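Structure, as structure tokens:
Laboratory data are not the source of any read-out in this text; all were calculated from the coordinates shown. Please read all numbers here as calculations on a predicted model, not as lab measurements. Cβ placement follows ideal geometry from the backbone for every residue including glycine, while neighbour counts extend to all protein chains displayed.
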2 protein chains.
Amino acid sequence: MKTLRVELDERSYPIYIGSGLLGRAELVAPHIRGRQVLVVTNETVAPLYLEKFNAGLDGYQVDSLVLPDGEAYKTLDTLNSVFDRLLERRFDRRCTLVALGGGVIGDLTGFAAACYQRGVPFIQVPTTLLSQVDSSVGGKTGVNHPLGKNMIGAFHQPRCVIADTDTLNTLDDRQLRAGLAEVIKYGIINDPEFFQWLETYLDRLLAREPEALAWAIERSCRDKAAIVAEDETEAGTRALLNLGHTFGHAIETGMGYGTWLHGEAVATGMLLAAQLSERLGWIGHEDTRRIEQLLHRAGLPVQAPGELDSHRFLELMAVDKKVQDGQLRLVLLKGIGRSVVTAEAAAADITAALEAHRIA
Amino acid sequence: MKTLRVELDERSYPIYIGSGLLGRAELVAPHIRGRQVLVVTNETVAPLYLEKFNAGLDGYQVDSLVLPDGEAYKTLDTLNSVFDRLLERRFDRRCTLVALGGGVIGDLTGFAAACYQRGVPFIQVPTTLLSQVDSSVGGKTGVNHPLGKNMIGAFHQPRCVIADTDTLNTLDDRQLRAGLAEVIKYGIINDPEFFQWLETYLDRLLAREPEALAWAIERSCRDKAAIVAEDETEAGTRALLNLGHTFGHAIETGMGYGTWLHGEAVATGMLLAAQLSERLGWIGHEDTRRIEQLLHRAGLPVQAPGELDSHRFLELMAVDKKVQDGQLRLVLLKGIGRSVVTAEAAAADITAALEAHRIA
């Protein structure tokens, strides 16, 4: 087992990465406050891992809430069903929430913990590659709104993260690939050496070799934790983590939550960012080609959906959180491993890039 | 105009108290971030003060949302209507929310600001006595849940508070009296001199003499700010501010939100706390009598509603945020101006106090 520490002053916390971690009481117990624990999970994860996880909670008053699976349920309504349960079972302010599942469960449960009685602790137990490398670091929690993804939320750091790589064995291929999109993202943002490693060893990840997966998760978490530690509330450099996300959120919202997986939309979004950067003359075609090829090898989509014309696409991008005083800010590239936040791309450039690379 | 500063490190903010403050651009402008401003108010306050307030926002992109009036609307659903508006109008992360109204508008708007895009600034413009002395200090925001009051929320400090005493002229008598309950509370908690002042000058407050009101508001805010500065997130002494609230919330929830005004429920709750303290031998009957008399002179209810039997009452109290690991913690009295947080009152004592003082 590897232990990585996210350094955020008094909100610092450990990430445990490895095999056979579910159900290990000594990892969970030090991070539980009070006696009452609510484990929030979904109908896909519950039959696989709920019993195993709860075995590590002997002696606590444990309750579980099994939600429907999918991005379409990351809503205020589902959030309210968590509050219903907490209040029906008389959970007080000294309780702890556990998110056992992927990114949707993590974001939703974290936000419930941020708001319940104005804030209770929570523990992340991510069971997908995407959530192990992404949502478990950084404390961003929240739900979607029909008009925009992650528009309602809070910064709320977990007490600890338990990333058991065994849970990836039951992940379907599409989910694994969606997770790889975020892994590749860290290479493109500021870790060219990692990008190169991925070019060399991608097949091992696709074959789910445990050592390769554990290493990629650790490196991704480390890269992300370094950026978050520098800028917890996204006043500056943290925005780099949104590479591909402004394009990606437009795809997710425009196609209906859940139609494209988050990682799939981010993959296409990252390539669009590269193509736009190339159009602006910031990177050469070789960089774009390397990014496209790696994403393609990972089985990820590399073209924007034909259903969204460029006008609608731009409209959806305009509600993104990265907009400031009406000015769209994007993460673009000056090279692989050299990303920048910029407001320099004009709407015309974005439209041209979209037109050129959309599925006809 | 008086300016009082709430000291909370980088979240410190000023409270402006006085006459003729609405519409003064130089008070608002320094606290607005960005160009987009959403003023949230209700159907009672809007016709009286919305235009006047907005006159001070020349040059901004101003939008207003007028909600129905009343505690019954302090819900997740109403909160969502604020998000709807913000997103429909493309409000970005550099926008500012304004709460123009009483405690419900303040709590709800503050919570919307806490959650919108994971946090945007907001300004409190309280227009009731209750909100001027209470909800505008301390940063508690939130909404109710059918199973408990203020169960969903966040700590989110305003950028400034503008308490225009002129707005109290249009307040109906019942609302004014409900506000006096919280004013009296500060005397009982830890300011016996203020309690005595209230015994002497209550009639001037009831007659709405502007100087008396301004002084009572300032003193109340000062008392509250001192406690909040010491304990922003209610780890300890801040709980004293909940004097009368555990009983009061039970009345509000049990009778249906809005049936009893918050201040009315708190008044009865404070007297119940005094009666229970007397039963425990912590204060003499003379103290209880003085509290009862002052509340009675202020036109406030001093008996728990007959509709709630003591069993149901205790059940409702048990979901309060002051419960820790199943133990009910109450604010009780060792004297007027000497309140304490305690878990020493047994259910039997509470039941006996309720039985003795409920409306038959």
Can you give the % of DSSP beta bridges in the protein assembly as shown that are antiparallel, to the nearest 5? 40
Over all residues in A:140-151, what is the mean tally of Cβ atoms on other chains that come within 10 Å of each residue's Cβ? 3
Estimated inter-spin distance, A:Q303 and B:M1, nm [label 7 Å along Cα→Cβ]: 6.1
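Would you tell me the mean number of C-beta atoms belonging to other protein chains that fall within 10 Å of each C-beta in A:85-93, as a whole number? The partial results should precede the final answer.
Numbers: counts 0, 6, 7, 2, 0, 7, 3, 12, 7.
Across the residues of A:85-93, the mean count of other-chain Cβ atoms within 10 Å is 5.
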Structure shown: which of B:K149/B:K334; B:K185/B:K334; B:K140/B:K224; A:K149/B:K140; A:K74/A:K334 lie over 23 Å apart, alpha-carbon to alpha-carbon? B:K149/B:K334; A:K149/B:K140; A:K74/A:K334
Residues B:L206, A:L205, sorted so that the one with the fewest Cβ neighbours within 10 Å comes first: B:L206, A:L205
With no solvent and one equal point scatterer per Cα, compute the Debye intensity ratio I(q)/I(0) for segment A:107-257 at 0.15, 0.19 Å⁻¹ and report its log10, rounded to two decimals. -0.83, -1.31
Whole-Å semi-axes of segment A:2-170's equivalent ellipsoid (Cα gyration tensor): 21, 18, 17
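Filter chain B for me: DSSP H helices, axial length by Cα at least 24 angstrom, mean Kyte-Doolittle hydropathy not below -1.0. List them by residue number. Please list the in-between numbers first.
Values: long enough: B:173-190 (27 Å, -0.01); B:210-230 (30 Å, 0.00); B:262-279 (25 Å, 0.23).
Helices meeting the criterion: B:173-190, B:210-230, B:262-279.
Let me have the 222 nm mean residue ellipticity of the protein assembly as shown computed from DSSP H runs of 4+ only, each contributing -39500 (n - 2.57), with the sum over all residues rounded to the nearest 500.
On the way: 24 runs with 298 residues, N = 720.
So the helix-based figure for the protein assembly as shown works out to -13000 deg cm²/dmol.
Would you work out the charge dipole size for the protein assembly as shown about its Cα centre, treating the Cβ of every Lys and Arg as +1 and the Cβ of every Asp and Glu as -1, and quote it to the nearest 20 debye? Please report the intermediate quantities before stating the final value.
On the way: 74 positive and 94 negative charges, 113 e Å.
With Lys and Arg at +1 and Asp and Glu at -1, about 540 debye.
Compute the projected area of the convex hull of the Cα atoms of segment B:50-124, averaged over all viewing directions, and report it in nm² to one decimal place. Write out the running numbers ahead of the final one.
On the way: hull surface 19.3 nm².
The number I arrive at for segment B:50-124 is 4.8 nm².
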Return the inverse of the average 1/r over all pairs of distinct C-alpha atoms in chain B, which is the Kirkwood hydrodynamic radius, in Å to one decimal. 20.4
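Give the average, rounded to an integer, of partner chain Cβ atoms located within 10 angstrom of each Cβ in A:107-114. Don't skip to the end; give the middle numbers.
Numbers: counts 0, 0, 0, 0, 2, 1, 0, 6.
The mean count of partner-chain Cβ atoms within 10 Å per residue comes to 1.
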Where the convex hull is taken over the Cα atoms of segment A:70-111, what is its projected area averaged over directions, in nm²? 3.0
Computed D for the protein assembly as shown, Stokes-Einstein, Kirkwood radius over alpha-carbon pairs, 20 °C, 1.002 mPa s, to the nearest µm² per second, is 79
Sorted by Cβ density within 10 Å, fewest first, the residues B:D166, B:D9, B:D203, A:D107: B:D9, B:D203, B:D166, A:D107
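Run the numbers for A:R33 and A:H285: contour at 0.36 nm per residue of separation, minus the present Cα-Cα distance, in nm.
Numbers: separation 252, 0.36 × 252 = 90.72 nm, distance 5.29 nm.
So the chain would gain 85.4 nm between A:R33 and A:H285.
With viscosity set to 1.002 mPa s and temperature to 20 °C, compute the Stokes-Einstein D of segment A:174-357, Rh being the Kirkwood radius across alpha carbon pairs; µm²/s, no decimals.
Values: Rh = 16.4 Å.
The Stokes-Einstein estimate is 131 µm²/s.
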Placing the label point 7 Å from Cα along the Cα-to-Cβ direction, what are the distances from B:H285 to the equivalent spots in the other copies, shortest first, in nm to one decimal? 9.8
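How much length, in nm to one decimal, is gained on full extension between A:N169 and A:A55, taken as 0.36 nm per residue of separation minus their Cα-Cα distance? Write out the running numbers ahead of the final one.
Values: separation 114, 0.36 × 114 = 41.04 nm, distance 2.01 nm.
Going from the current span to full extension adds 39.0 nm.
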Between copies, how close do the A:G306 label points come, placed 7 Å along Cα→Cβ, listed in nm from shortest? 7.5
Distance from segment A:224-253 to segment B:59-106 (C-alpha centre basis), Å: 27
Kindly give the distances from B:V62 to its copy-mates, label point to label point, with each label point 7 Å from Cα along Cα→Cβ, as nm values to one decimal ordered shortest first. 5.6
Can you give the local net charge around B:V340? Use residues other than it whose beta-carbon is closer than 12 angstrom to its beta-carbon, Lys and Arg +1, Asp and Glu -1. +2
